[in-house]
Structures are given as C-alpha cells and as structure tokens.
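> Have a look at this one.
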Amino acid sequence: MAERPLLLLSQPTKAGKSKRGGGGGGPSPRSAQEQLQRLGPRIDQLADALENKRIRLQSTATGLQPEEVLVLETAGTIDEFYKAVHKIDGLSFLAEFDEEDIPADDNFFVLKNEERHPYRGRVYLMFTNQTAFQQLVRLWKNKDSLPRGYTKWGDVFLLLRDLRFWSVQDRLDETGVLDFWRDRMTWEREHFPCEIELFFYPSVADRLNASAKVRSAVEAAGGSVHYESVITEIRYHALSVRLPVQAVDGLLAGERDLQLIQLENIQFLRATGQMIARCPTSNPQSLPDFFKTSTSPPSSAEPLVALIDGLPLEQHQALAGRLRVDDPDDIEAEYPAEYRRHGTAMASLIIWGDLHRPGEALAQPLYVRPILRPFHPPLNSGEIPEERVADDVLIIDLIHRAVVRILEGEGNEPPAAPSVKVINLSIGIGDRPFLHSLSPLARLLDWLAWKYKVLFIVSAGNVREAIPMDQAWGDLANQPLEEIQQAALKSIAADTRNRRLLSPAETINGLTVAATHHDEGILEVGPYWIDSALAGFPSPYNRHGPGYRRALKPDLLAPGGRAVLRKPVLESQQSLKIVDHSNAPGHCVAGPGAKSGDLNATTKMVGTSNATALMSRAAALLVPILDELRASASEGTSLPQEVPDALWLKALLAHSARWGVAGGHYQQLFETAENKRQLRNQLGRFLGCGLVDSDPILECTATRVTALSGGTLSADAGALHRFPLPPSLSGKQGWRSLAVTLAWFSPIHTLSERWRRAHLWFKPPDSRLKKQLERTGADWQAVQRGTLQHEVFEGEGVSAFVDGDAIIVHVSCREDAKPLTESVPYALAITLEVDPKLGEIYAEVKDRIQIKEKVGVKS
C-alpha cells in the first residue's frame with residue numbers, strides 16, 4: 001500500500017444536466033426555385049439512366065426491376081432522415097456518412113464575420129428501384145405541398161447538394177485495391193485476393209439474395225469465394241474472394257465492364273491481409289544477467305491484458321512462463337522462430353517495459369492470440385518477411401472471433417480469459433487511413449468495448465515514408481540541429497493529410513496512442529544520422545488526428561523509441577528518411593537470436609506499436625491499485641460497482657497526460673496572427689491529451705492529491721462531485737494545477753453518423769479556486785467529441801475561500817444519437833497539485849473527505 005494512496009470521493013449528489021456551450025449553425029437552405037434550377041437536370045439524367053437499365057434488363061431477364069444505390073449529399077444534418085426514407089416503398093436506408101470541411105461555394109457556405117467558410121455535410125445511401133425513384137421525383141416536383149408524413153423530404157430537398165448513383169469509382173477506384181493488385185502483379189500470376197464489402201440489408205432474405213448475386217458474379221469472372229462474414233450488430237457483411245489474373249489485368253488496364261464491379265449490392269472492393277507489422281532487421285544482443293534469476297507469475301494468476309498480434313517466442317528467457325498463448329488456428333505450424341518478431345517485441349514491452357531499464361514484471365501472465373503470420377513474396381526471398389493477416393481472412397471477422405473467444409467463449413467452450421480488462425492492438429490496417437467515416441474495424445471495437453466493458457488500446461499507426469522537406473539538403477546541412485528539427489517538424493505538419501490515422505485508430509470507445517521520441521537507452525548518433533526531435537516530443541513517424549467527427553485523436557502520447565534521420569547523400573535531395581537499421585536506437589526488446597534456438601537475444605525497435613504496448617503495461621500495473629482502493633473503502637466512499645475496471649483504467653491512463661514543454665514549443669513554432677484562435681484545435685492532432693507520465697497516477701504526494709469518483713447516468717441526468725479544498729491554500733499566491741478526467745463507453749447507433757448514443761461531459765469546475773486558473777492543453781470542444789474528456793487548469797492567482805468550500809464537478813449526460821435507453825457508466829478522476837512552497841495539502845483533503853463521509857452516513 002502506498003504511503004499516500006489515491007482517495008475516493010464521497011458519493012455524488014443527483015442533478016439535472018448542465019448546459020453546453022459552443023456549437024454553431026450550418027449553411028442556410030437554398031430556396032425551392034434555386035434548387036429546381038440547379039438540380040432539376042440532374043434528376044432527369046438519373047431517371048433516364050434508370051429507365052435505360054430497365055430496358056437492358058428486360059431484354060435479358062423478363063420482369064427484373066433495375067436497382068441502384070442512391071446517394072444524397074446534403075449541406076448539413078437532416079435529423080432522423082432514415083425515418084423519412086421508410087415512407088417510400090423500395091427505399092431502404094443503408095448508411096449515413098459525415099463529410100467535413102466541404103469548401104464554400106455559391107450555393108452553400110457558413111457565414112462568419114461576413115466571410116464564407118467551409119461547412120459539414122452528410123451523405124445518405126439508400127437502396128432504390130425505379131418505382132421508388134419515380135415516387136421520389138414526384139415528391140421533388142411537389143415539394144411545396146408535400147403530403148402528411150413526407151414533410152421531412154422538404155428539408156432534404158432544400159439542403160440537397162447533389163444526388164447520384166453509387167458508382168464503380170466509389171466501390172473500386174478509391175479504396176486502394178488497385179494499388180494493392182498492381183504491387184502484387186509483380187510476382188502473382190494466378191488468383192488475386194480481395195475483400196468485397198456489401199451494403200448491409202436488415203432483412204436476412206435480402207442479405208442472402210445480395211450474397212448470391214455476388215457469388216454468381218465472382219464465379220462468372222473465374223474467381224472463387226473463400227469465406228463470408230455477417231456481424232449484424234455493426235451492419236457488416238463481407239466476402240473473401242479470389243479473382244483470376246485475367247480479370248485483374250483488365251481492371252488495372254481501366255476496363256470497367258466486369259459484371260462484378262457493376263453490382264449495386266457491393267459497397268467496396270478492398271485489399272485483404274493488410275493488417276501488417278514490420279520490424280527492422282535485428283542485431284541481437286544478449287539479455288542482462290538479471291533475467292537468469294527472475295521468476296514467473298504464480299500459476300493461479302489470471303491475465304489482465306490480452307495481446308492480439310503475431311506469435312511470440314514462448315520460451316524466450318524474458319517471456320518463458322509469462323505467456324498464455326491461445327492458437328486455435330494453429331498458426332505456430334507455419335511460423336518459424338526467426339520470424340516471430342513483432343509479437344515477441346510487444347509481449348516483452350508489456351511484461352517488462354524497455355529492457356534498457358526493465359521495470360517490475362507483470363504479476364499476471366499475458367494472454368496472447370496470434371493472428372499474424374509470415375508473408376514472404378517470392379521476389380523478396382532474401383528479406384525478413386512481413387508479419388500480416390493471411391490473404392483469405394476477413395480481418396474484422398477474425399478479430400471479432402478472437403475477442404468473443406477471450407471474453408465469452410466459442411461454441412460450447414468457456415471464455416479463454418474472462419479476467420482480461422485490456423486488449424492491446426499494436427497493429428493497424430495499412431491501406432485504410434481514416435477519412436470521414438468509421439472503418440468497420442473501428443465500429444467493431446466500439447461495439448465490443450460497450451458490450452464487454454473492455455478497454456481497447458490501439459496504436460495510431462506509423463509513417464514509413466521519408467519526410468518531404470521544403471528545402472534541399474544543401475541549404476539545411478550547415479544549419480544548427482535545432483533548426484533542422486524545426487524544419488522537419490513544419491514539413492511533417494504540412495504533410496498531415498498523408499499521415500492520417502490507420503484503422504482502427506479512429507475508434508471512439510478505445511484509447512489511441514501515438515509515440516514520443518524517448519527510450520531508456522543511450523542515444524549515440526552516428527556521423528550520417530540526425531537526431532530527429534527533441535527528447536520526449538512527438539515522434540516523426542506518428543500518424544495524426546483528428547478522429548471521427550473531429551474528435552481529439554490520438555488520445556495519448558507515450559514513449560515509442562527514439563528515431564534518427566539519415567543525412568541525404570545528394571545536396572539536391574528534399575527529403576529525410578527515418579533510419580531503419582539494426583544499429584539504430586530504440587526500445588530494447590526481446591527478439592529472435594542470430595542462431596536458431598537462441599532464446600536470450602534482444603533487439604531494438606521504434607513505433608507507435610511500442611507506445612501502445614507500454615500503455616497496456618501501465619494499465620495492468622494500475623489494477624492492483626484499484627483492488628487496494630476497494631479493500632480500503634469505507635461506508636461512505638467506494639469505487640462504484642457499476643463502473644467496470646476498464647473505465648477506471650481509461651480515466652487514470654489519461655489523467656497524467658499534459659502538453660507540457662512540447663505544447664509550449666509547438667505553440668511558439670506554429671502560432672500566427674491568423675490561426676491564434678484555432679491553434680489549440682490544430683495542435684490537438686499532434687499532441688492529443690498530452691504526453692503520459694505514469695508515476696503520478698500510482699499514488700499521491702504531500703502536495704498532489706488525486707481522488708476518484710464515478711457512477712452511471714441516463715439521458716438528461718447529471719451528478720455533482722465534490723472535491724474539498726484545503727483551507728491552508730486560501731489567500732496564498734503560487735502555482736497550482738487542477739486536472740479533471742472523465743471517461744465512459746458509449747453504446748452505438750449503427751444507422752446514425754453521430755454513432756455514439758451517449759454524450760457525457762463536465763463543465764469547468766465552478767469554485768473560487770478555478771477562477772484563478774486558465775485552461776491548458778487541447779481545445780475544450782475537441783475533448784468533448786469522443787468518450788474521454790481530459791482538461792487541465794493552471795495558474796498562480798490568489799484564491800480566498802473558507803473551510804468547507806469545494807471544487808464542484810458537474811457531470812452530465814445527453815442523447816447524442818437517439819434514443820439512449822441504457823444507463824451509462826463513467827469514471828472521474830480529479831487531481832489538485834500545488835507548488836511545495838504553498839505547503840502540504842494531502843492530509844487536509846483526506847480529512848475533509850472523511851468528515852463528509854461521516855456526515856453522509858449519519859444522515
């Protein structure tokens with residue numbers, strides 16, 4: 001037990017929800033006459049296209065009706081749009097997507113300070129036939145006198161930006177599958193893998209019909225279907241197929257008459273097996289002698305963390321007896337020991353931390369579900385193969401089955417590790433950078449997090465490409481190192497569109513982790529290398545936010561290993577490449593040895609994968625603290641049982657995050673007169689909530705007090721949490737900091753672009769102390785767009801108050817995507833820290849919580 005353990009606040013009092021600030025209007029609707037002139041010809045064109053398709057179908061298959069997916073693009077939100085769709089027979093609402101930062105034009109714009117600004121729009125997808133389309137046209141022509149029950153269509157028509165049919169370009173040209181096939185064409189001459197994601201139909205009969213159409217088209221093209229998956233809870237339906245080289249050759253040549261890609265049931269054709277882990281060529285070193293005497297966890301201990309990754313070396317000296325490998329797919333049979341790199345490295349970091357300076361090993365075994373395997377194209381037979389998901393596997397289905405197996409059990413089998421509270425995903429889908437809509441894997445994690453109350457900790461993803469620079473190396477070479485670093489930082493910021501998060505890093509309920517330029521080794525920069533960043537600052541290989549609906553992403557930054565840049569050979573070169581070399585710096589991790597059977601080797605590695613693994617390790621080390629708090633709880637205070645451990649871990653991991661020195665440096669480097677008001681929002685994509693320091697969340701000090709509280713809230717409800725102020729602080733001037741972190745899991749709404757059903761938030765604490773503090777860190781609106789609100793207030797002003805005063809934190813809940821019928825659990829962490837010169841405060845806060853307990857118990 002710590003000398004000064006974390007405290008538990010008294011039970012909150014009920015209250016209504018508080019008012020939220022912020023928000024803003026969307027673009028104004030156009031007049032009916034304007035819309036008629038602008039869109040009338042387009043509607044006529046679509047009607048003609050549908051009629052021509054009907055004629056073609058009737059010439060080959062009498063009685064078939066033409067079907068298409070109709071896309072409506074609007075300049076704003078149409079509340080409960082999907083209800084309007086069901087009024088027309090033949091229309092079935094399929095999906096809703098968010099479009100951000102649509103450029104202003106003459107038709108739609110947001111007017112601010114007499115200037116036109118970009119706006120947010122929506123894309124609605126509906127399944128339609130000719131009869132339904134004709135009824136839609138009739139409504140359009142009579143939009144000034146719509147019949148009862150159809151008035152919502154008036155809102156649609158006045159905000160309509162465009163309408164079109166879902167096209168080959170949507171389902172094929174913009175998914176990256178053509179690039180995937182083009183790369184594979186250099187060595188593959190037989191069958192090409194592909195994932196076909198279908199539009200999801202609620203009706204089982206419609207799904208079977210859509211599947212039959214796709215299977216028939218695949219077979220007609222000479223291909224084969226290997227696997228099919230349906231996950232109704234996230235509206236996911238996909239098939240894993242193989243297409244012959246002749247069909248792929250034609251598609252790569254620009255031919256678009258293949259029946260398969262014309263099918264209206266298909267939403268996307270994607271590459272398969274793109275969940276990839278890459279490790280540098282190792283230069284193995286031996287483990288320290290420390291590991292020769294280390295002991296394994298007791299056999300009775302149950303796992304707290306699950307690692308879904310590659311297969312680790314189970315008998316490695318640093319891991320032996322510490323893993324519980326569950327391999328139902330028998331991946332081990334095709335996974336030579338010398339290729340087991342990524343899983344071994346992640347297991348090593350979760351169990352020990354950086355082996356340059358190993359910490360206390362986890363007291364529980366690490367559950368491991370291997371899903372990667374070596375992938376070695378014939379042309380690269382001399383290289384270390386990538387570790388990746390197999391070609392014919394649907395990644396979403398695989399991870400779904402893995403998590404269900406862990407927490408619920410498969411078939412008649414019991415759960416493999418029901419004690420797991422954290423699932424580590426240090427791998428991402430390389431060809432699915434986030435853009436506007438949630439990926440199926442992110443949707444899956446959000447649903448699984450809510451269903452099982454488990455915390456997914458996910459890596460933001462790495463950028464392997466060289467940093468494009470504005471200046472030639474000849475102009476930079478003789479500048480001071482700090483100026484080269486700043487030039488690289490500005491170039492990275494300018495290239496952020498190409499550094500978007502990799503799926504599933506946009507997850508709403510999970511924690512997304514990026515990396516800082518830090519490890520515990522001694523950095524020795526060779527003559528041809530450049531230290532890429534200031535120590536502890538964001539790493540140059542990070543991928544950037546924001547997340548879904550401009551939510552703050554990444555959530556946290558943690559050490560990912562130091563990366564160095566290679567000095568260009570040519571003075572004209574305008575890029576700097578991150579060194580991927582066996583002697584490069586980074587975290588020291590367990591790895592395969594130089595010889596087969598070498599089980600005590602280490603190597604070095606960097607990446608957001610590392611940072612994610614270290615956050616999972618930190619979560620596991622927090623669980624005993626929660627157990628101690630439960631054991632020491634008194635009658636008036638306790639950890640609410642309805643709040644799962646995963647939420648306490650989510651709140652505590654984020655609670656120590658601060659922008660710190662890095663935030664000040666970034667603000668100074670990027671601030672201009674034009675962006676000053678929006679700078680916090682822009683910097684959030686690099687810094688998230690901040691850089692994590694795990695030590696402060698393990699225990700309190702005499703001048704730093706952390707207290708926890710939580711509960712459940714339903715829609716339109718609120719709760720008041722009281723953090724007592726230490727009387728000795730009254731009237732004193734000096735530095736003080738107040739940090740408040742609120743974490744929750746939200747149920748999801750699969751038909752709404754809002755996605756999360758529950759929005760919880762706290763208003764800035766209202767107290768005399770708060771009036772002297774200023775908000776630091778991320779933008780206050782951005783931190784309310786996900787399921788983690790973390791804010792820090794600092795200042796040095798004088799506050800006058802009397803004994804009994806308290807910081808009041810008002811937590812509220814509202815429906816976001818309606819309806820919200822569930823009670824939503826949440827965890828709250830509050831920390832007050834002061835300059836040691838102001839005196840000790842821990843005992844005063846603790847005593848006043850206990851006084852409040854006694855009063856509450858007596859009453």
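> Scan segment 99-118 for residues that are closer than 16 Å to residue 678 by Cβ and either in contact with a Gly (Cβ under 7 Å, 6 or more places away or on another chain) or assigned to a strand (DSSP E or B) (or both) and jot them down.
First, the residues of segment 99-118 that are closer than 16 Å to residue 678 by Cβ: 100-101, 110, 112-113, 115, 117-118.
Scanning segment 99-118 gives 100, 101, 110, 112, 115, 117.
Conditions tested, residue by residue: (1) surrounded by fewer than 18 Cβ atoms within 10 Å (Cβ to Cβ); (2) touching a strand residue (DSSP E or B) at 6+ places or on another chain (Cβ under 7 Å); (3) modelled with pLDDT of 80 or more.
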| residue | (1), (2), (3) |
| --- | --- |
| 5 | yes, no, yes |
| 9 | no, yes, yes |
| 40 | yes, no, yes |
| 51 | yes, no, no |
| 72 | no, yes, yes |
| 75 | no, yes, yes |
| 80 | yes, no, no |
| 83 | yes, no, no |
| 99 | no, yes, no |
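> Scanning segment 109-119 for residues that are open to solvent by 10 Å² or more (accessible area, probe 1.4 Å) and touching a strand residue (DSSP E or B) at 6+ places or on another chain (Cβ under 6 Å), which turns out modelled with the lowest pLDDT?
Taking segment 109-119 as the starting set, the residues that turn out to be open to solvent by 10 Å² or more (accessible area, probe 1.4 Å) are 109-118.
When the remaining residues are screened for being touching a strand residue (DSSP E or B) at 6+ places or on another chain (Cβ under 6 Å), the result is 109-110, 117-118.
Working: 109: 79, 110: 79, 117: 76, 118: 79.
In this case the residue turns out to be 117.
> Among the numbered criteria (1) over 18 Å from residue 792 (Cα atoms); (2) open to solvent by 10 Å² or more (accessible area, probe 1.4 Å); (3) in contact with a Gly (Cβ under 6 Å, 6 or more places away or on another chain), which single criterion is violated by residue 659?
With respect to (1) over 18 Å from residue 792 (Cα atoms); (2) open to solvent by 10 Å² or more (accessible area, probe 1.4 Å); (3) in contact with a Gly (Cβ under 6 Å, 6 or more places away or on another chain), residue 659 is out only on (1).
> Any residue at all in segment 352-374 that's open to solvent by 10 Å² or more (accessible area, probe 1.4 Å), among the aromatic types (Phe, Trp, Tyr) and farther than 23 Å from residue 554 by Cα?
No, because not a single residue in segment 352-374 is open to solvent by 10 Å² or more (accessible area, probe 1.4 Å), among the aromatic types (Phe, Trp, Tyr) and farther than 23 Å from residue 554 by Cα.
> Could you check residue 406 against (1) at pLDDT 95 or above; (2) in contact with a helix residue (DSSP H, G or I) (Cβ under 7 Å, 6 or more places away or on another chain); (3) crowded, with 18+ Cβ neighbours inside 10 Å and say which number it fails?
For residue 406, the exception is condition (2).
> Can you report the number of residues in segment 749-760 which are surrounded by 20 or more Cβ atoms within 10 Å (Cβ to Cβ) and at pLDDT 90 or above?
Residues meeting the conditions: 6.
> So which strands (runs of 3 or more DSSP E) stay within segment 483-584 end to end and still have 2 or more residues that are farther than 22 Å from residue 471 by Cβ and open to solvent by less than 10 Å² (accessible area, probe 1.4 Å)?
Numbers: elements: 511-516, 529-531, 556-559, 564-566, 575-578.
Hits in segment 483-584: 511-516, 556-559.
> Do any residues in segment 104-125 that are farther than 28 Å from residue 171 by Cα have Cβ atoms under 7 Å from those of residues that are aromatic (Phe, Trp, Tyr) and assigned to a loop (DSSP other than H, G, I, E, B), where the two are at least six apart or on different chains, and which pairs are they?
116/109; 117/109
> Considering 308, 331, which residue is hydrophobic (A, V, I, L, M, F, W, C), crowded, with 16+ Cβ neighbours inside 10 Å, in contact with a helix residue (DSSP H, G or I) (Cβ under 6 Å, 6 or more places away or on another chain) and modelled with pLDDT of 90 or more?
So the residue among 308, 331 that is hydrophobic (A, V, I, L, M, F, W, C), crowded, with 16+ Cβ neighbours inside 10 Å, in contact with a helix residue (DSSP H, G or I) (Cβ under 6 Å, 6 or more places away or on another chain) and modelled with pLDDT of 90 or more is 308.
> Is it the case that residue 458 is touching a strand residue (DSSP E or B) at 6+ places or on another chain (Cβ under 9 Å), open to solvent by 20 Å² or more (accessible area, probe 1.4 Å), of a type in the set (Val, Ile, Thr) and over 21 Å from residue 681 (Cα atoms)? Steps first, answer last, please.
Details: touching a strand residue (DSSP E or B) at 6+ places or on another chain (Cβ under 9 Å): yes; open to solvent by 20 Å² or more (accessible area, probe 1.4 Å): no; of a type in the set (Val, Ile, Thr): yes; over 21 Å from residue 681 (Cα atoms): yes.
Taking the combined requirement at face value, the residue does not satisfy it.
> Does at least one position in segment 617-627 carry a residue that is within 23 Å of residue 364 (Cα to Cα) and in contact with a strand residue (DSSP E or B) (Cβ under 7 Å, 6 or more places away or on another chain)?
Yes: one or more hits.
> Next up: Does residue 171 satisfy being buried (at least 18 other Cβ atoms within 10 Å of the Cβ), among the charged types (D, E, K, R) and within 22 Å of residue 27 (Cβ to Cβ)? Spell out the reasoning first.
Values: buried (at least 18 other Cβ atoms within 10 Å of the Cβ): yes; among the charged types (D, E, K, R): yes; within 22 Å of residue 27 (Cβ to Cβ): no.
Here the answer is no, as residue 171 does not meet what is asked.
> Sort out which residues of segment 414-462 are charged (D, E, K, R), at pLDDT 95 or above and either in a loop (DSSP other than H, G, I, E, B) or on the phi > 0 side of the Ramachandran plot (or both), and write them in order of number.
Just the residues of segment 414-462 that are charged (D, E, K, R), to begin with: 421, 431-432, 443, 446, 451, 453.
Okay, now just the ones that are also at pLDDT 95 or above, so 421, 443, 446, 451, 453.
Within segment 414-462, 421, 453 qualify.
> Right, something else. Is there any pair linking a residue in segment 671-686 that is closer than 17 Å to residue 495 by Cα and modelled with pLDDT of 90 or more to one that is open to solvent by less than 90 Å² (accessible area, probe 1.4 Å) and of a type in the set (A, V, I, L, M), with Cβ under 6 Å and at least six apart or on different chains, and which?
684/552; 684/778; 684/782
> Of all residues in segment 197-251 being in a helix (DSSP H, G or I) and of a type in the set (S, T, N, Q), which is most open to solvent (accessible area, probe 1.4 Å)? Full working, then the answer.
Quick first cut of segment 197-251, residues in a helix (DSSP H, G or I) only: 204-220, 232-234, 245-251.
Next cut, of a type in the set (S, T, N, Q) only: 209, 211, 216, 232, 246.
Working: 209: 78, 211: 8, 216: 68, 232: 68, 246: 134 Å².
Here the answer is 246.
> What pairs come out if I take residues in segment 141-168 that are part of a loop (DSSP other than H, G, I, E, B) and pair them with residues that are open to solvent by 70 Å² or more (accessible area, probe 1.4 Å) whose C-beta lies under 6 Å away, six or more apart or interchain?
Final answer for the pair search is 149/87; 150/87.
> So which residues in segment 637-660 are within 16 Å of residue 745 (Cβ to Cβ) and of a type in the set (Val, Ile, Thr), if there are any at all?
Selection gives 643 alone.
> Test residue 135 against the criterion of being more than 30 Å from residue 393 (Cα to Cα), more than 31 Å from the chain's Cα centre (by Cα) and at pLDDT 85 or above, and give yes or no.
Yes; evaluated as a whole, the condition is true for this residue.
> I would also like to ask the following. Among the residues of segment 363-380, how many are modelled with pLDDT under 95 and under 25 Å from residue 285 (Cα atoms)?
2
> Same structure again: For segment 85-97: of the residues being in contact with a Ser or Thr (Cβ under 9 Å, 6 or more places away or on another chain) and open to solvent by 90 Å² or more (accessible area, probe 1.4 Å), which is farthest from residue 136 (Cα to Cα)?
Our first condition is that a residue be in contact with a Ser or Thr (Cβ under 9 Å, 6 or more places away or on another chain); within segment 85-97, this holds for 85-86, 88-92, 95-97.
Filter again for open to solvent by 90 Å² or more (accessible area, probe 1.4 Å), leaving 86, 89.
On the way: 86: 12, 89: 10 Å.
Selected residue: 86.
> What number of residues within segment 622-638 satisfy the criterion of being closer than 13 Å to residue 648 by Cβ and either modelled with pLDDT of 95 or more or part of a helix (DSSP H, G or I) (or both)?
Summing the residues that are closer than 13 Å to residue 648 by Cβ and either modelled with pLDDT of 95 or more or part of a helix (DSSP H, G or I) (or both) in segment 622-638 gives 9.
> Same structure again: Looking only at segment 818-832, count every residue that is more than 18 Å from residue 11 (Cβ to Cβ) and in contact with a Leu (Cβ under 8 Å, 6 or more places away or on another chain) and tell me the total. Break it down into steps so the answer makes sense when it comes.
So in segment 818-832, the residues more than 18 Å from residue 11 (Cβ to Cβ) come out as 818-822, 831-832.
When the remaining residues are screened for being in contact with a Leu (Cβ under 8 Å, 6 or more places away or on another chain), the result is 831-832.
Summing the residues that are more than 18 Å from residue 11 (Cβ to Cβ) and in contact with a Leu (Cβ under 8 Å, 6 or more places away or on another chain) in segment 818-832 gives 2.
> Would you point out the residue of segment 120-136, among those that are touching an Asp or Glu at 6+ places or on another chain (Cβ under 7 Å), in a strand (DSSP E or B) and open to solvent by less than 20 Å² (accessible area, probe 1.4 Å), that is farthest from residue 69 (Cα to Cα)?
Within segment 120-136, the match that is farthest from residue 69 (Cα to Cα) is 121.
> So, of the residues in segment 252-277 that are free of Cβ contacts under 8 Å to residues at least 12 places away in the same chain and on the phi < 0 side of the Ramachandran plot, which turns out to be least open to solvent (accessible area, probe 1.4 Å)?
Of segment 252-277, the ones free of Cβ contacts under 8 Å to residues at least 12 places away in the same chain are 253-255, 257.
Filter again for on the phi < 0 side of the Ramachandran plot, leaving 253, 255, 257.
Working: 253: 80, 255: 103, 257: 127 Å².
Ranking the candidates gives 253 first.
> Additional query: May I ask you to list the residues in segment 733-748 that are part of a strand (DSSP E or B) and either of a type in the set (A, V, I, L, M, F, W, C) or open to solvent by 10 Å² or more (accessible area, probe 1.4 Å) (or both)?
The initial filter retains those residues of segment 733-748 that are part of a strand (DSSP E or B), namely 736-744, 748.
Those that are part of a strand (DSSP E or B) and either of a type in the set (A, V, I, L, M, F, W, C) or open to solvent by 10 Å² or more (accessible area, probe 1.4 Å) (or both): 738, 739, 740, 742, 743, 744, 748.
> If we scan segment 473-480, do we find a residue that is part of a helix (DSSP H, G or I), closer than 20 Å to residue 749 by Cβ and either open to solvent by less than 30 Å² (accessible area, probe 1.4 Å) or out of contact with any Ser or Thr (no Cβ under 7 Å at 6 or more places or on another chain) (or both)? Working first, answer last.
Applying the first criterion (part of a helix (DSSP H, G or I)) to segment 473-480 yields 473-476.
Remaining after also requiring closer than 20 Å to residue 749 by Cβ: none.
No: zero hits.
The values are calculated or read from the model by the stated rules, or taken from the named source; none is laboratory data. Keep in mind it's a predicted model, so treat the numbers as computed, not measured. FYI the Cβ positions are ideal-geometry reconstructions off the backbone, even for glycines, and counts take in every protein chain you see. Side chains included, ligands, DNA and RNA excluded: accessible areas come from the protein's heavy atoms. Shrake-Rupley method; radii C 1.70, N 1.55, O 1.52, S 1.80 Å.
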